[in-house]
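Read-outs: derived from the displayed coordinates by stated rules, not from any lab. Please read these numbers as outputs of a predicted model, since none were measured by experiment. For neighbour counting, all protein chains shown are included, and Cβ atoms are generated from backbone atoms with ideal geometry for every residue, glycine included.
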Amino acid sequence: MSKTLIIADLHLTCVESEKLDLFCRFCQREAVNVDRLFILGDLFNTWIGDDISLTDYHVVIDCLKELTKSTAVFVMVGNRDFLLANNFEQRSGCKLINEPYLLQQNDQDYVLVHGDSLCTDDINYQKMKKVLRNRLVQSIFLNLPKKWRLKLSGEIRKKSIAAQSYKSEVIMDVNQGTVDTLMANYPDANLIHGHTHRQNTHTSKTYTRYVLGDWSTALGNAIFLDESLEWLEIH
């Protein structure tokens with residue numbers, strides 16, 4: 001019987017050594033003992049292109065490469081690391097997956113998404129996302145020098161933080177109607193996502209929505225699936 005772990009929103013950086021250590025311990029202790037690991041976006045706090053970031057995050061890449069010798073690792077991009085590409089797959093041994101992803105775990109189906117696509121009340125964010133995910137915009141960005149990419153990504157992040165300071169908690173959460181529309185396409189399935197950093201379990205008449213939290217330098221969280229679903233704390 002297969003065993004699966006699901007995590008999201010680690011927001012790893014090159015300088016937070018404690019969080020890097022926490023993730024590597026998770027790979028060596030928990031993840032190595034399951035068949036599949038799904039990372040639902042924002043594994044990295046910033047990813048400015050495989051050509052640069054693979055070197056910057058070599059510790060993480062090495063941990064993933066070792067893990068994939070025993071565990072299949074599937075990675076979904078988030079709003080911070082949507083520029084992950086083929087070289088990341090080759091170097092890490094992971095497989096990039098699109099959303100929504102339908103996971104079949106024994107007798108239960110789960111729909112997996114990062115979660116930002118469900119936050120449709122945040123109209124300004126959705127507009128920005130549409131621009132940033134445009135292939136032409138990405139191509140231009142990836143051909144810029146490293147210092148320009150770092151500066152641009154930093155400016156975008158500053159504007160995002162400033163915008164969040166005046167947005168209501170409701171706007172930055174998922175829109176229930178958007179969630180219901182998605183799940184109508186997957187009868188008898190449950191939903192697992194991250195992005196909002198609001199770890200919780202929400203039960204409705206037709207499905208259950210599990211929200212993964214983000215990771216701190218000392219504590220992470222994961223969903224463990226075998227015959228049932230269990231929340232895990234990662235120390």
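Looking only at residues of segment 64-105 that are hydrophobic (A, V, I, L, M, F, W, C), surrounded by 20 or more Cβ atoms within 10 Å (Cβ to Cβ) and under 16 Å from H11 (Cα atoms), we find that the one that is farthest from the chain's Cα centre (by Cα) is L64. Taking segment 103-179 and the helices (runs of 4 or more DSSP H) fully enclosed by it, the elements with 3 or more residues that are more than 20 Å from I7 (Cα to Cα) and touching a Leu at 6+ places or on another chain (Cβ under 9 Å) are at 135-142, 146-164. For segment 31-59, filtered to residues that are part of a loop (DSSP other than H, G, I, E, B) and among the aliphatic types (A, V, I, L, M), the residue that is farthest from K151 (Cα to Cα) is V34. In this entry, Q108 is excluded by the filter for residues that are without any contact (Cβ under 8 Å) to a residue 40 or more places away in the chain, surrounded by fewer than 17 Cβ atoms within 10 Å (Cβ to Cβ) and either out of contact with any Asp or Glu (no Cβ under 8 Å at 6 or more places or on another chain) or more than 23 Å from L229 (Cα to Cα) (or both). In segment 5-49, the qualifying residues are those that are acidic (D, E) and over 30 Å from F141 (Cα atoms), and the one that is surrounded by the most Cβ atoms within 10 Å (Cβ to Cβ) is E30. Residues in segment 201-222 that are assigned to a loop (DSSP other than H, G, I, E, B), in contact with a helix residue (DSSP H, G or I) (Cβ under 8 Å, 6 or more places away or on another chain) and surrounded by 14 or more Cβ atoms within 10 Å (Cβ to Cβ): Y207, W215, S216.
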